[in-house]
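Down below is the structure, laid out as structure tokens.
The values are calculated or read from the model by the stated rules, or taken from the named source; none is laboratory data. Every value quoted in this text rests on a predicted model; they were computed, and no experiment measured them. All Cβ positions, glycine included, derive from the backbone under ideal geometry; neighbour counts span all protein chains shown. All accessible areas refer to the heavy atoms of the entire protein, side chains included, with ligands and DNA or RNA removed. Shrake-Rupley method; radii C 1.70, N 1.55, O 1.52, S 1.80 Å.
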Amino acid sequence: MTTLPVVDPSAPEAQPRRISRRPTGSDAIFVNAARVVGASVLVITGGVGVFLAAQTIPTFRHYGLDFLLGSRWEPEIDVLGIAGVLVGTVSIALIAMSVAFPLAVTTALYITEYAPARIKGLLVSLVDLMAAIPSIVYGLWGFFLMMPHVAELAYWLQRTFSWVPFFEIRGTDPNSPVWDTTRYIASAFCASVAVAMMVLPMACAVMRQVFSQTPQGEREAALALGATRWGVITSVVLPFGRGGIIGGTMLGLGRALGETIAVALIISPAFEVKWNILEVGTISVSSLIAIQFSEASPSQLSALLAAGFVLFMLTLVVNTCAAVIVNRSRSGADDT
Amino acid sequence: MTTHLPVLDPDAAPAVPRPAVGSPNADELFVRIGAWAAAVAVAWLITQRFLPLAGIPWFLIVFFAAGVVMTALLTTMTSTWVEVKDRVASAVITGAALVVGAALVSTVAFVFLRGWRALVHTNFLFDDMAGVDPKAAFTEGGVAHAITGSLIQLGIALVVTLPLGIGTAVFMTEVGGRFGKVVRTIVEAMTALPSIVAGLFIYAVLILTLGFPPSGFAASMAISVMMLPIIARAADVVLRVVPGTLREASLALGASRWRTVWHVVLPTARPGLATAVILGVARGVGETSPVLLTSGAANFMVTNPVGGAMNSLPLYIYNGARSGEPQLIDRAFGAAAILMILVLALFVIARLVARPAGARNRPRLTRRVVGGVRALARLASSLGSRGRRTASAAAPAAPPPPLAARSNT
């Protein structure tokens, strides 16, 4: 038997329930606790940034704009300028990227396009492992194993491409029968070989991930139209993965800018604005901090912190650009 | 128009079976192998007979260049320009990948070969350097103090960063809102902080301003400042891929948000979280620069993290390599080998955690969803049992309902 609901005319009219997204009870506790954790991490990480930024004020008040534009770093006479240091940092990072970039792209292409399916997983793990190797190990490798060979390469570059202004090495004669090894080692070029090893796997991992997301349909369409493997790469994989290539490269560049230990181990410090990348002596912000922090007076320490802040800003800009480019590209917003 | 049927010609030669798709025919095999064989000969001629290019590196370079040229030449004889490009590209790409592989192998092999002489002595693992002369033989002294220091510093850093990092990730994904976006932006920005600057920050604040002595604690704080954004960001990425339907299902079953996070979201993301944390640890254990500034370097065993200078593996390696003393350099290589074994072990653990052996062939998302569904089932049953308990507590005399009725409700 069916009973229909009886309408009670005397009952008060139904009111719509008030809808609230405000959590109540245990949910409120959870939300607020999570908020507290988030806020504390915000305070910690943001505090570092604010502290560093605050340190730049006394530095600029003390040294003026010369701090950014001057190239001399002479704590004894209270003259500090980081132009040379910044040039050194950027030149090391750029050379490292110009070594690492082609290798990273080709290795990523090899893993996604050419490697037999059986060893693909192994290769991916190897690249990740390479990224996990501590930078000090690459520093040892660069300093003890590669440096003599890199010096030889520098000698050869100097003799063969002597018309390139970057390759000039002051105080040497490329045609002399005996080459003065000490002028060729400990250069920005030597350091950047070790740094390149460090950033290569990182850039390669990002690129590989993006390449492997290439739509299978487009790949097969190209093959069905008669494309060779190289044809597929140039017409499908590379256009699809362009964002990943640029983003991965810039991520690597950001890491290369901040690299400390391998650089501090390899270079011999020289404070000047220097374009001779093959010549002995250079300096980067991070290795400057590593070398100078222990004998710094308070004002020099805040100068070091300000230099660190400039480096941080540089890395931040590069990383943000990388993130924006990767997110905007067709291959999507997959983080590493 | 008429239709012509094919006529069977009994005198025709039997059809040649087509080669399997993808496997090269005799021509291609000749091009592939012959080109590289010719390249060996050409490289020998050029480097050993014609030009003064002694040494293995030159031989390899000339060999590779000659191989590429030979491949191109041989291919032009039989096929078109398109195929030439394909072959050359494949040779160059494979060659570059081999160069990277060789670099990796050379790094690992070089460190182990140079570290071998120190590593073979067991006292290298179990002794410290207290009172050991820098020139002493490998039978004396070791890196036990550095290993202990590394583990202590890393342990403290982990205790600090793990709850904070994963808590922040939970906040960013589960609570979110405008404030969540601000936190995410700042955390992502801070991953760009160079590690040396993190170390310098702790040095300036903790050691110079607050007057702490350089110690393991200061070092672990520096490592924490560096690791926190990395772990928070990686965990955030992992938590974001947990399917939203799982959360909704859990909430629909009446679970509170905390129970949803604890019983559904975190277990579903467990492998990914473990990977994120372990990779963060691997990064932290090898990071030299924050430690260099903050911990000081003792050459004896220190187990008290606030009890003054404390050594650690990366710092030991750095100091050894800069000392210029051959014996200490070899010890540094031994320590580097140990550090690499440590990182490798962490890495393998991360891989195993991320990919349990039983589920290796199942695609990842399915596994995640299956895991989440299982967690949901557990949660449902636990909620259900709690509901039953309260019901039976309210009416203790009532007999338990028959099974069929229960399953209907």
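Below are the figures for this structure:
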{"item": "So B:Val242, is it open to solvent by less than 30 Å² (accessible area, probe 1.4 Å), out of contact with any His (no Cβ under 9 Å at 6 or more places or on another chain) and in a loop (DSSP other than H, G, I, E, B)", "result": "yes"}
{"item": "Unique residue being open to solvent by less than 60 Å² (accessible area, probe 1.4 Å), in the same structural domain as B:Ala97 (by TED's automatic domain parsing) and not aromatic (Phe, Trp, Tyr) when the list is B:Ile61, B:Ile46", "result": "B:Ile46"}
{"item": "Output for region B:78-112, where each listed residue is among the hydroxyl-bearing types (Ser, Thr, Tyr) and in contact (Cβ under 8 Å) with a residue 40 or more places away in the chain", "result": "B:Thr78"}
{"item": "Total residues in region A:255-273, condition open to solvent by 10 Å² or more (accessible area, probe 1.4 Å), under 17 Å from A:Val195 (Cβ atoms) and more than 10 Å from every other protein chain (Cβ to nearest Cβ)", "result": "3"}
{"item": "Entirely in region B:249-307, the helices (runs of 4 or more DSSP H) that have 2 or more residues that are open to solvent by less than 30 Å² (accessible area, probe 1.4 Å) and under 20 Å from B:Leu164 (Cα atoms)", "result": "B:270-286"}
{"item": "Subset of region A:124-179 (residues that are at positive phi and surrounded by 20 or more Cβ atoms within 10 Å (Cβ to Cβ))", "result": "none"}
{"item": "Region B:191-220, residues that are more than 8 Å from chain A (Cβ to nearest Cβ), open to solvent by 40 Å² or more (accessible area, probe 1.4 Å) and part of a helix (DSSP H, G or I)", "result": "B:Thr209, B:Phe217"}
{"item": "Only listed residue being touching a strand residue (DSSP E or B) at 6+ places or on another chain (Cβ under 9 Å) and within 24 Å of A:Val263 (Cα to Cα), chosen from A:Ala194, A:Ala188, A:Ala203", "result": "A:Ala188"}
{"item": "Scan of region A:43-100 for residues that are touching a helix residue (DSSP H, G or I) at 6+ places or on another chain (Cβ under 9 Å) and in a loop (DSSP other than H, G, I, E, B), ordered by number", "result": "A:Gly70, A:Ser71, A:Arg72, A:Asp78, A:Gly81, A:Ile82"}
{"item": "Given (1) of a type in the set (A, V, I, L, M, F, W, C); (2) at the interface with chain A (Cβ under 10 Å from one of its Cβ atoms); (3) without any contact (Cβ under 8 Å) to a residue 40 or more places away in the chain, index of the condition B:Ile278 fails", "result": "(3)"}
{"item": "Residues located in region A:16-40, provided they are assigned to a helix (DSSP H, G or I), of a type in the set (Val, Ile, Thr) and farther than 12 Å from B:Val170 by Cα", "result": "A:Ile29"}
{"item": "Conditions (1) open to solvent by less than 10 Å² (accessible area, probe 1.4 Å); (2) more than 14 Å from chain B (Cβ to nearest Cβ): number failed by A:Val199", "result": "(2)"}
{"item": "Residues satisfying the stated conditions in region A:228-254, i.e. within 9 Å of chain B (Cβ to nearest Cβ) and crowded, with 23+ Cβ neighbours inside 10 Å", "result": "A:Ile233, A:Gly254"}
{"item": "Qualifying residue in region A:152-162 (condition: at pLDDT below 85 and not in a helix (DSSP H, G or I))", "result": "yes"}
{"item": "Scope region A:105-122; condition of a type outside the set (D, E, K, R) and either outside any helix (DSSP H, G or I) or within 8 Å of chain B (Cβ to nearest Cβ) (or both); matching residues", "result": "A:Thr106, A:Thr107, A:Leu109, A:Tyr110, A:Ile111, A:Tyr114, A:Ala115, A:Pro116"}
{"item": "Contacts under 7 angstrom Cβ, first residue in region A:59-84 being under 13 Å from A:Leu288 (Cβ atoms), partner open to solvent by 70 Å² or more (accessible area, probe 1.4 Å) and of a type in the set (Asp, Glu), 6 or more apart", "result": "A:Gly81/A:Asp66"}
{"item": "Total residues in region A:171-206, condition touching a helix residue (DSSP H, G or I) at 6+ places or on another chain (Cβ under 8 Å) and not in a helix (DSSP H, G or I)", "result": "9"}
{"item": "Some residue of region A:56-72 being within 13 Å of chain B (Cβ to nearest Cβ), crowded, with 22+ Cβ neighbours inside 10 Å and in contact with a strand residue (DSSP E or B) (Cβ under 9 Å, 6 or more places away or on another chain)", "result": "yes"}
{"item": "Residue match in region A:163-180 (condition: over 12 Å from A:Pro201 (Cα atoms), in contact with a Ser or Thr (Cβ under 9 Å, 6 or more places away or on another chain) and of a type in the set (Ser, Thr, Tyr))", "result": "no"}
{"item": "B:Ala13 vs. criteria assigned to a loop (DSSP other than H, G, I, E, B), over 43 Å from the mean Cα position of the chain (by Cα) and among the aliphatic types (A, V, I, L, M)", "result": "yes"}
{"item": "Condition met for A:Gly226 (at pLDDT below 90 and either of a type outside the set (Val, Ile, Thr) or closer than 22 Å to B:Val88 by Cβ (or both))", "result": "yes"}
{"item": "Single unsatisfied condition, A:Ile95 versus (1) within 30 Å of B:Trp262 (Cβ to Cβ); (2) at pLDDT 80 or above; (3) open to solvent by less than 100 Å² (accessible area, probe 1.4 Å)", "result": "(1)"}
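Table: residues versus (1) more than 31 Å from the chain's Cα centre (by Cα); (2) closer than 30 Å to B:Val343 by Cα.
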| site | (1), (2) |
| --- | --- |
| B:Trp44 | yes, no |
| B:Ala96 | no, yes |
| B:Ala102 | no, yes |
| B:Pro134 | yes, yes |
| B:Phe138 | yes, yes |
| B:Gly155 | no, yes |
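Let's see how each residue does on (1) of a type outside the set (Asp, Glu); (2) in a helix (DSSP H, G or I); (3) more than 24 Å from A:Pro116 (Cα to Cα):
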residue: B:Ala54; (1), (2), (3): yes, no, yes
residue: B:Phe59; (1), (2), (3): yes, yes, yes
residue: B:Val62; (1), (2), (3): yes, yes, yes
residue: B:Val68; (1), (2), (3): yes, yes, no
residue: B:Leu74; (1), (2), (3): yes, yes, yes
residue: B:Asp86; (1), (2), (3): no, yes, no
residue: B:Val92; (1), (2), (3): yes, yes, no
